[in-house]
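Right, one structure below, let's go through it.
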Amino acid sequence: QVQLVESGGGLVQAGGSLRLSCAASGRTFSASAVGWFRQPPGKEREFVATINWSGSSTYYADSVKGRFTVSRDNAKNTAYLQMNSLKPEDTAVYYCAAVQGWHADSLEWYDYWGQGTQVTVSS
């Protein structure tokens, strides 16, 4: 069992940066892949980025590639999403998710979800 809590969201101007954190409890976090997803207002939840259990493999949605970086610190049971060059279209509730297994971009793959954190980018 893994419990996830996101933090670090807020209001930022276009071009700014935010770092989201995903703090996990449970002994299996270090063996779990972590995914970041977001749900823009009035839209479905979508994939943003994912990282494997060791941090050696990552991949990103095309819309955030080159601007966002996913990382993790297993000693702290925490994953991060560094978001740079933010755009108004990045406005969404951001969620982290975890699964024991390979990292993937499918929502259905993940077993555990956080409650989400709001990111608002003003133009």
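Mind listing just one residue for me: the one in the range 61-76 that is charged (D, E, K, R) and not in a strand (DSSP E or B) and, of those, nearest to Ser30 (Cα to Cα)?
Top of the filtered list is Lys76.
Would you point out which residue out of Asp105, Asp62 is free of Cβ contacts under 8 Å to residues at least 24 places away in the same chain and closer than 20 Å to Glu44 by Cβ?
Asp62
Looking at Ala98, Ala23, Ala79, Ala49, can you tell me which residue is among the small types (Gly, Ala, Ser), touching a residue at least 60 places away in the same chain (Cβ under 8 Å), crowded, with 16+ Cβ neighbours inside 10 Å and not in a loop (DSSP other than H, G, I, E, B)?
Ala98
Surrounded by fewer than 18 Cβ atoms within 10 Å (Cβ to Cβ) and in contact with a His (Cβ under 7 Å, 6 or more places away or on another chain), is that true of Asn84?
Here the answer is no, as Asn84 does not meet what is asked.
For the range 1-57, which residues satisfy the criterion of being touching a Pro at 6+ places or on another chain (Cβ under 9 Å) and acidic (Asp, Glu)?
The answer is Glu46, and nothing else.
For Arg38, are the conditions met, namely being open to solvent by 60 Å² or more (accessible area, probe 1.4 Å), in a strand (DSSP E or B) and not polar (S, T, N, Q)?
No.
Just checking, how many residues over the range 101-117 are outside any loop (DSSP other than H, G, I, E, B) and surrounded by 14 or more Cβ atoms within 10 Å (Cβ to Cβ)?
5
Among the residues of the range 1-20, which ones are at pLDDT below 95 and open to solvent by less than 50 Å² (accessible area, probe 1.4 Å)?
The one that is at pLDDT below 95 and open to solvent by less than 50 Å² (accessible area, probe 1.4 Å): Val2.
The values are calculated or read from the model by the stated rules, or taken from the named source; none is laboratory data. All values reported here derive from a predicted model rather than from experimental measurement. Neighbour counts run over all protein chains shown; Cβ positions are idealised from the backbone, glycine included. Calculation scope for accessible area: heavy atoms of the full protein, side chains included, ligands and nucleic acids excluded. Shrake-Rupley method; radii C 1.70, N 1.55, O 1.52, S 1.80 Å.
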